[in-house]
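Here's the structure, in structure tokens; my notes come after.
FYI, it's all coordinate maths here, none of it is from the lab. Note that the structure is a prediction, hence the values are computed from the model and not measured. Here Cβ is always computed from backbone atoms with ideal geometry, including for glycine, and neighbour counts include all displayed protein chains.
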Amino acid sequence: MKRQDLLWIEWYQADKRIQRLLTHEGMEIAVKLIGNTSQLHDGDILYEDAEKVVIVAIRPCETICIGTVDYLKIAFVSCEIGNKHLPLFTAGNELLIPYERTMQAWLDKQNLTYTLMQRKLLYRFNANVDANHHRQLKFSTKHIPLFIKV
């Protein structure tokens with residue numbers, strides 16, 4: 001069985017385009033992600049030879065965990081997270097936010113229930129649309145005239 005050499009990274013390093021990192025055993029790994037949607041995932045294998053395999057491991061961090069209560073509250077919280085431009089992750093029926101004191105204070109002020117835990121932030125919620133997305137659509141409203149009744 002091959003020995004596992006872990007490459008520990010923080011959640012925010014998963015989509016960093018160019019970086020040089022050291023594995024637990026001290027092996028230097030150069031990472032260059034190609035494309036806007038490329039990222040490293042927990043468990044990715046970056047290197048393998050006859051003796052060892054280098055595996056990505058995302059470190060747990062202090063996290064604000066919000067359980068789904070009802071759609072209106074989740075929409076309210078999500079809107080505030082978007083307004084603050086904070087990263088948002090999901091796990092099962094929970095919203096996860098890397099700990100930030102101002103977000104915790106806002107949740108307290110709104111009397112919303114949350115827990116603070118050490119969690120791995122693995123599944124980032126991304127609502128961004130690729131710049132080429134609209135150009136690739138077959139149907140577009142770009143050339144449809146707009147009629148406004150006064």
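In region 37-79, which GluC sites (Glu not before Pro) are in a loop and have at most 14 other Cβ atoms within 10 Å, using DSSP for the loop call?
Passing both the DSSP loop test and the Cβ count: Glu51.
Express in nm, to one decimal, how much length is gained between Thr68 and Thr113 on full extension, taking 0.36 nm for each residue of separation and deducting their alpha carbon distance.
Extra length available between Thr68 and Thr113 comes to 15.2 nm.
I need the calculated FRET efficiency for the pair Leu86 and Asp44, taking r as the beta carbon distance and R₀ as 22 Å, to the nearest 0.05.
The computed FRET efficiency comes out at 0.30.
When the Kirkwood radius is taken over all Cα pairs of region 1-121, what Stokes-Einstein diffusion coefficient follows at 37 °C and 0.692 mPa s, in µm²/s?
Roughly 201 µm²/s, to the nearest whole number.
Which trypsin sites (Lys or Arg not before Pro) does region 1-100 hold that lie in a coil by DSSP with at most 10 other beta carbons within 10 Å?
Lys2
Please report, in Å, the Rg and the Dmax of region 58-100, where both are computed over Cα atoms only.
Just the Cα atoms of region 58-100 yield Rg and Dmax of 10.4, 32 Å.
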